[in-house]
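Q: Please read through the structure below; I'll follow up with questions.
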Amino acid sequence: MREIVFDTETTGFDPRTGDRVVEIGCVELVNHIVSGQTFHVYINPERSMPRSAFEVHGLSDEFLADKPKFAEIAEGFLAFVGDARLVAHNAEFDFKFINAEFARLGLPPLGSDRMVDTLALAKRRHPAGPNSLDALCSRYGIDNSRREKHGALLDSELLAEVYVELLGGRQAALGLVAEEPGRNRRADGSIATRNGPRVRPVPLAPRLEPEADAAHRAFVAKMGEKALWSEYADLDLPTAGEA
């Protein structure tokens, strides 16, 4: 299963009043494991940066002046996310900004059926809060010391770790999530088909020496017919009358 954890930085809170996206950061997860594939762009918003927004993310008019406009990065963004589920913290905020940019270009919006909101997940799991990204990093022992200001890629990287924890802890990173049947994603992102489980062509030879096996059987035999080991080995144990 492929998912994209993403975040945006903007010029404000409401695209209906002219606020625009100025940064997008994406991190790919495959079966809830970070794949190492990312997408990151700064964007010229074609408008001035309000002081209040600059204090949040530190992206100035001067810095963004030579960056591409959204129309120039839209195709690359869509190609990267593909048809994956989209994970974000307070996801409705990010979706409304991305969809407002798409609307300007005449592109179809991202469907809400693809949305995974980690803020909603956090509120269900930790109803007493707090559930900001910083608070969740602190709760789960995730190092966010680099987060002096908001940044879309760094926040996505942190959120990817938080998301795994919200799903039930670090066991997800150990691959305990079922793969899509018959599918396996290569490191380059392509899909390789696989017909059933892989089987070792030649079984490994037993590593237990005959002397050790005999000593073990003799030891277990002394325990009698109720020995726990008798449930796990084919041992000829004496009955109560024979002991």
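The values are calculated or read from the model by the stated rules, or taken from the named source; none is laboratory data. Since we're looking at a predicted model, the values are computed, not measured. Positions of Cβ are generated from backbone atoms using ideal geometry, with glycine treated the same way; all protein chains shown enter the neighbour counts.
Q: Taking the stated definitions as given, is Phe6 in contact with an Asp or Glu (Cβ under 7 Å, 6 or more places away or on another chain), surrounded by 18 or more Cβ atoms within 10 Å (Cβ to Cβ) and either among the hydroxyl-bearing types (Ser, Thr, Tyr) or under 25 Å from Thr118 (Cα atoms) (or both)? Walk me through it before giving the result.
A: Numbers: in contact with an Asp or Glu (Cβ under 7 Å, 6 or more places away or on another chain): yes; surrounded by 18 or more Cβ atoms within 10 Å (Cβ to Cβ): yes; either among the hydroxyl-bearing types (Ser, Thr, Tyr) or under 25 Å from Thr118 (Cα atoms) (or both): yes.
For Phe6, the condition - in contact with an Asp or Glu (Cβ under 7 Å, 6 or more places away or on another chain), surrounded by 18 or more Cβ atoms within 10 Å (Cβ to Cβ) and either among the hydroxyl-bearing types (Ser, Thr, Tyr) or under 25 Å from Thr118 (Cα atoms) (or both) - is met.
Q: Tally up the residues in the range 41-58 that are part of a loop (DSSP other than H, G, I, E, B) and either of a type outside the set (Gly, Ala, Ser) or modelled with pLDDT of 95 or more (or both), please.
A: Step one: of the range 41-58, the residues part of a loop (DSSP other than H, G, I, E, B) are 43, 45-50, 58.
Those left that are additionally either of a type outside the set (Gly, Ala, Ser) or modelled with pLDDT of 95 or more (or both): 43, 45-50.
Residues that pass the stated criteria total 7.
Q: Can you name the residue in the range 124-152 that is buried (at least 20 other Cβ atoms within 10 Å of the Cβ) and under 16 Å from the mean Cα position of the chain (by Cα) and, of all such residues, is nearest to Ile24 (Cα to Cα)?
A: Per the criteria, the residue is Ala152.
Q: Which pairs do you get when a residue that is closer than 11 Å to Glu157 by Cα, found in the range 17-43, comes within reach of a residue that is assigned to a strand (DSSP E or B) and of a type in the set (Ser, Thr, Tyr), reach meaning Cβ atoms under 9 angstrom, with the pair 6+ apart or on two chains?
A: If the second residue must be assigned to a strand (DSSP E or B) and of a type in the set (Ser, Thr, Tyr), the pairs left are Gly25/Thr8; Gly25/Thr38; Cys26/Thr38; Val27/Ser35; Val27/Thr38; Glu28/Ser35; Glu28/Thr38; Leu29/Ser35.
Q: Condition check: part of a strand (DSSP E or B), β-branched (Val, Ile, Thr) and either within 18 Å of Glu28 (Cα to Cα) or modelled with pLDDT under 55 (or both). Does Val199 satisfy that?
A: It is false that Val199 is part of a strand (DSSP E or B), β-branched (Val, Ile, Thr) and either within 18 Å of Glu28 (Cα to Cα) or modelled with pLDDT under 55 (or both).
Q: Which of the following residues is at pLDDT 95 or above, surrounded by 13 or more Cβ atoms within 10 Å (Cβ to Cβ), on the phi > 0 side of the Ramachandran plot and out of contact with any His (no Cβ under 7 Å at 6 or more places or on another chain): Asn99, Asn90?
A: Testing whether each residue is at pLDDT 95 or above, surrounded by 13 or more Cβ atoms within 10 Å (Cβ to Cβ), on the phi > 0 side of the Ramachandran plot and out of contact with any His (no Cβ under 7 Å at 6 or more places or on another chain) leaves just Asn90.
Q: Given the range 65-129, what helices (runs of 4 or more DSSP H) lie entirely inside it while holding 3 or more residues that are of a type in the set (D, E, K, R)?
A: Where helices (runs of 4 or more DSSP H) fall fully within the range 65-129 and carry at least 3 residues being of a type in the set (D, E, K, R), they are 91-105, 118-125.
Conditions tested, residue by residue: (1) crowded, with 16+ Cβ neighbours inside 10 Å; (2) hydroxyl-bearing (Ser, Thr, Tyr); (3) under 17 Å from the mean Cα position of the chain (by Cα).
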| site | (1), (2), (3) |
| --- | --- |
| His32 | yes, no, yes |
| Gly36 | no, no, yes |
| Gly58 | no, no, no |
| Ala65 | no, no, no |
